[in-house]
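The values are calculated or read from the model by the stated rules, or taken from the named source; none is laboratory data. Since we're looking at a predicted model, the values are computed, not measured. Neighbour counts run over all protein chains shown; Cβ positions are idealised from the backbone, glycine included.
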């Protein structure tokens, strides 16, 4: 059973099409990252899946249940973007209220445990009107998981949080995955997505322009490879021929004392380069291949 | 639904405005019952209605809409405006939100009205359940109307203005419809609760049907709305 399956999901406001026919599948137990610039349609897409807004056309299913089925709401947790909490309620009251609404009323001990997981246990009795932005964000995550859902939607879960809290939340997301939960998250923090997500989709102007695991994305975008080699001194008699070979093998060649940096077009060139060094009786101390980061891929798109 | 209703009910008891209205209704009931004893034997019946309940009925029929509108005009619109509704719609059905709000507000008014009838009952030694349910039907309609307005208009400031306007105009319209003989207007009275409240039989039950229709329309609109 797929955790999420969408078919040609579209959303228009008047003549403006925000989401332009997205079809994707998320397997159970995945942490799926949804990336895109501001206005790409990430939140609109999440809002359609979570029932906040209605799709203009297309269909979707969550945990095998047809989109819009109220039964599915029991098994999903949502931290929506741009949602306010009730200022007059305490953190504890929020969790009790929302868990009861989800059909699984949580005991005080369970609420405390979840508050502890997001780092809000010391503020359980504080009204959210007095909460900072970061604290509200954490409570937003807490209410999304209070009823132990199978599928969790997190829209920008760590934006606006301090570094320590970000690590805290990232740990929590990993823990949820270990417990078999599926997480669908959007984020502007590319490092976070790269670190956490098992699969990623990059959205541009309402369309998915690339999706897959980090390795698949790298493979799709690996047009060039940057290689850095630390080596022993090159014998004077071999210097000219080796330099010539390297210039032909790649581009952006930089030669420093005992170190070269070069851009090559395939992995095969790296092994050829190592053989060339060995033939010239040059010892190789370290080879560092710089993989394209998600940031590189994202910017290239 | 139950949780939404419970929260709505508790919130109503927390507000200063609602306490003031409850005190006003209880005071009206008390004096209505007290003064009715002065006319005992002379005016046992007033247009089919026990005179003891007259003060309370006038208050509910004339000012019920404005009371309910002033307390609950933003029951849905504030949730939409402040986007707290996003937490609700991701957890429960939109129909449950409407029904939860409705029953929460209804329970508040049932308790308020029941207390008033008990107060009157202490003086008269009996409670007229017919009038109780007749009045309840009127309140039910007004609550459903308030919810519909709150769903139709997602801005609390506008619902407050509209609520006040409807609260003033609705009883005026009702009384005009009851007295007018203009042919083009006569049919309208059949779709307002005032006509059925006037009847000394169980035709007030139609008002509950009207309320259900208003709630269905509210639910339909909220179902189609993006939050």
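Kindly evaluate residue B:75 against the criterion of being within 30 Å of residue A:145 (Cβ to Cβ), within 14 Å of chain A (Cβ to nearest Cβ) and touching a strand residue (DSSP E or B) at 6+ places or on another chain (Cβ under 6 Å).
no
Quick check: anything in the stretch A:2-20 within 10 Å of chain B (Cβ to nearest Cβ), more than 26 Å from residue B:10 (Cα to Cα) and touching a residue at least 40 places away in the same chain (Cβ under 8 Å)?
Yes: one or more hits.
Return yes when residue A:37 is assigned by TED's automatic domain parsing to the domain that holds residue A:174 and without any contact (Cβ under 8 Å) to a residue 60 or more places away in the chain and no when it is not.
Criteria not met by residue A:37.
If I go through the stretch B:179-227 residue by residue, how many of them are in a helix (DSSP H, G or I), touching a helix residue (DSSP H, G or I) at 6+ places or on another chain (Cβ under 7 Å) and within 14 Å of another protein chain (Cβ to nearest Cβ)?
4
Anything in the stretch A:152-168 that is surrounded by fewer than 22 Cβ atoms within 10 Å (Cβ to Cβ) and within 27 Å of residue A:25 (Cβ to Cβ)? List them, or say none.
Once the filter is applied, which keeps residues that are surrounded by fewer than 22 Cβ atoms within 10 Å (Cβ to Cβ) and within 27 Å of residue A:25 (Cβ to Cβ), the stretch A:152-168 yields A:156, A:159.
Suppose we filter the stretch B:12-37 for residues that are in contact (Cβ under 8 Å) with a residue 12 or more places away in the chain and either within 13 Å of chain A (Cβ to nearest Cβ) or under 30 Å from residue B:86 (Cα atoms) (or both); how many remain?
Within the stretch B:12-37, residues that are in contact (Cβ under 8 Å) with a residue 12 or more places away in the chain and either within 13 Å of chain A (Cβ to nearest Cβ) or under 30 Å from residue B:86 (Cα atoms) (or both) number 5.
Given the criterion surrounded by fewer than 17 Cβ atoms within 10 Å (Cβ to Cβ) and under 25 Å from residue A:175 (Cα atoms), identify the matching residue among A:28, A:8.
A:28
Every residue, every condition in (1) touching a residue at least 60 places away in the same chain (Cβ under 8 Å); (2) in contact with a strand residue (DSSP E or B) (Cβ under 8 Å, 6 or more places away or on another chain), yes or no:
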residue	(1), (2)
B:128	yes, yes
B:141	yes, no
B:151	yes, no
B:179	no, no
B:196	no, no
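(1) out of contact with any strand residue (DSSP E or B) (no Cβ under 8 Å at 6 or more places or on another chain); (2) surrounded by fewer than 17 Cβ atoms within 10 Å (Cβ to Cβ); (3) more than 14 Å from chain B (Cβ to nearest Cβ): which one isn't true of residue A:92, the others all being true?
(2)
Listed residues B:111, B:105, B:131; which is surrounded by fewer than 17 Cβ atoms within 10 Å (Cβ to Cβ), part of a helix (DSSP H, G or I) and more than 14 Å from chain A (Cβ to nearest Cβ)?
One residue alone meets the criteria, B:111.
Can you go through A:289, A:282 and tell me which one is surrounded by fewer than 14 Cβ atoms within 10 Å (Cβ to Cβ) and outside the structural domain of residue A:35 (by TED's automatic domain parsing)?
The conditions single out A:289.
Could you check, for the stretch A:96-119, whether at least one of its residues is within 24 Å of the chain's Cα centre (by Cα), in a loop (DSSP other than H, G, I, E, B) and under 29 Å from residue A:42 (Cα atoms)?
yes
List the pairs whose first member sits in the stretch A:90-102 and is more than 12 Å from residue A:142 (Cα to Cα), whose second member is in a loop (DSSP other than H, G, I, E, B), and whose Cβ atoms are under 7 Å apart, counting only residues at least 6 apart or on separate chains?
Listed pairs, sorted by first residue: A:90/A:124; A:90/A:125; A:90/A:126; A:97/A:89; A:101/B:91; A:101/B:92; A:102/A:147; A:102/B:91.
Filter the stretch A:120-139 down to residues that are closer than 18 Å to residue A:165 by Cα and assigned to a loop (DSSP other than H, G, I, E, B) and give me whichever is farthest from the chain's Cα centre (by Cα).
A:124
Return yes or no: is residue A:168 in contact (Cβ under 8 Å) with a residue 40 or more places away in the chain and facing chain B (nearest Cβ under 10 Å)?
For residue A:168, the condition - in contact (Cβ under 8 Å) with a residue 40 or more places away in the chain and facing chain B (nearest Cβ under 10 Å) - is not met.
Any residue at all in the stretch B:37-59 that is in a helix (DSSP H, G or I), modelled with pLDDT under 95, under 25 Å from residue B:175 (Cα atoms) and more than 21 Å from the chain's Cα centre (by Cα)?
Yes; the residues of the stretch B:37-59 include at least one that is in a helix (DSSP H, G or I), modelled with pLDDT under 95, under 25 Å from residue B:175 (Cα atoms) and more than 21 Å from the chain's Cα centre (by Cα).
When you scan the stretch A:143-150, do you find a residue that is in contact with a helix residue (DSSP H, G or I) (Cβ under 9 Å, 6 or more places away or on another chain) and more than 13 Å from residue A:76 (Cβ to Cβ), even just one?
no
Within the stretch A:54-74, which residues are within 14 Å of another protein chain (Cβ to nearest Cβ) and within 23 Å of the chain's Cα centre (by Cα)?
A:62
Which condition does residue A:191 not pass, out of (1) within 30 Å of residue A:46 (Cα to Cα); (2) not assigned by TED's automatic domain parsing to the domain that holds residue A:174, if it passes all the others?
Single failed check for residue A:191: (2).
Restricting to the stretch A:31-55, give me the number of residues that are surrounded by fewer than 20 Cβ atoms within 10 Å (Cβ to Cβ) and either closer than 30 Å to residue A:296 by Cβ or at pLDDT 95 or above (or both).
3
Within the stretch A:76-85, is there a residue that is outside any strand (DSSP E or B) and more than 10 Å from chain B (Cβ to nearest Cβ)?
No.
Mind checking which helices (runs of 4 or more DSSP H) fall wholly inside the stretch A:201-301 and carry at least 3 residues that are over 30 Å from residue A:36 (Cα atoms) and modelled with pLDDT under 90?
It comes to A:236-249, A:267-279.
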